[in-house]
Amino acid sequence: MWMRHGCDINSIRTIAKWIAELNRDNFGGHSDWRLPTVEEGLTLLEKNKNKRGLYLHSCFSSGQPFIFTADRRRPGGHWFIDFTQPRIFWGSAFNPGGFGRVCRSI
């Protein structure tokens, strides 16, 4: 299950706080929201671009053109899913940051 929208660009620490708030507030009747794994994030990629120029189903917000995943890159950083290219990339997770979109297992 996916959240259709997400949070604005932030550090991974700020996004972790946002997820904690979602869970504390029982968003959508659930308290087990989390960042997706790389594999889960890749399932959102579409074969063709939508009208907003993203390889993402149009039911999802275009406000998050790339998203953090829960998977870490060693020695540091996080893996991201980019819906504009489409591709996977990594970044430090602090500068400039990334967008959050959460999911949960059903």
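Residue-by-condition table, conditions (1) open to solvent by 60 Å² or more (accessible area, probe 1.4 Å); (2) farther than 30 Å from residue 29 by Cβ; (3) touching a Pro at 6+ places or on another chain (Cβ under 8 Å):
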{"residue": "52", "(1), (2), (3)": "yes, no, no"}
{"residue": "64", "(1), (2), (3)": "no, no, no"}
{"residue": "68", "(1), (2), (3)": "no, no, no"}
{"residue": "73", "(1), (2), (3)": "yes, yes, no"}
{"residue": "90", "(1), (2), (3)": "yes, yes, no"}
{"residue": "100", "(1), (2), (3)": "no, no, no"}
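Taking interchain pairs and intrachain pairs at least six residues apart, which have beta carbon atoms under 8 angstrom, with the first residue in region 17-31 and of a type in the set (Ser, Thr, Tyr) and the second in a helix (DSSP H, G or I) and open to solvent by 50 Å² or more (accessible area, probe 1.4 Å)?
The qualifying pairs are 31/24.
Would you check which residues across region 75-106 are without any contact (Cβ under 8 Å) to a residue 60 or more places away in the chain, of a type outside the set (Lys, Arg), more than 19 Å from residue 1 (Cβ to Cβ) and in a strand (DSSP E or B) and list them?
Passing the criteria: 79, 80, 82, 88, 89, 90, 91.
Which of the residues that make up region 22-50 are more than 15 Å from the chain's Cα centre (by Cα), closer than 24 Å to residue 72 by Cα and open to solvent by less than 50 Å² (accessible area, probe 1.4 Å)?
23
Any residue in region 45-74 that is on the phi < 0 side of the Ramachandran plot sitting within a Cβ distance under 6 Å of a residue that is open to solvent by 40 Å² or more (accessible area, probe 1.4 Å) and in a strand (DSSP E or B)? List the pairs, counting only those 6 or more apart or interchain.
As it stands, the answer is 55/45; 69/79; 71/79; 73/79; 73/90, since those pairs meet every condition given.
Take residue 13 and tell me if it is out of contact with any strand residue (DSSP E or B) (no Cβ under 6 Å at 6 or more places or on another chain), open to solvent by 50 Å² or more (accessible area, probe 1.4 Å) and either part of a helix (DSSP H, G or I) or among the aliphatic types (A, V, I, L, M) (or both).
Numbers: out of contact with any strand residue (DSSP E or B) (no Cβ under 6 Å at 6 or more places or on another chain): yes; open to solvent by 50 Å² or more (accessible area, probe 1.4 Å): yes; either part of a helix (DSSP H, G or I) or among the aliphatic types (A, V, I, L, M) (or both): yes.
In short, yes.
The values are calculated or read from the model by the stated rules, or taken from the named source; none is laboratory data. Remember, it's a predicted structure, so these values are computed and weren't measured experimentally. Cβ: placed from backbone, ideal geometry, glycine included. Neighbour counts: every protein chain shown. Accessible surface is based on the protein model in full, side chains and every heavy atom, while ligands, DNA and RNA are left aside. Shrake-Rupley method; radii C 1.70, N 1.55, O 1.52, S 1.80 Å.
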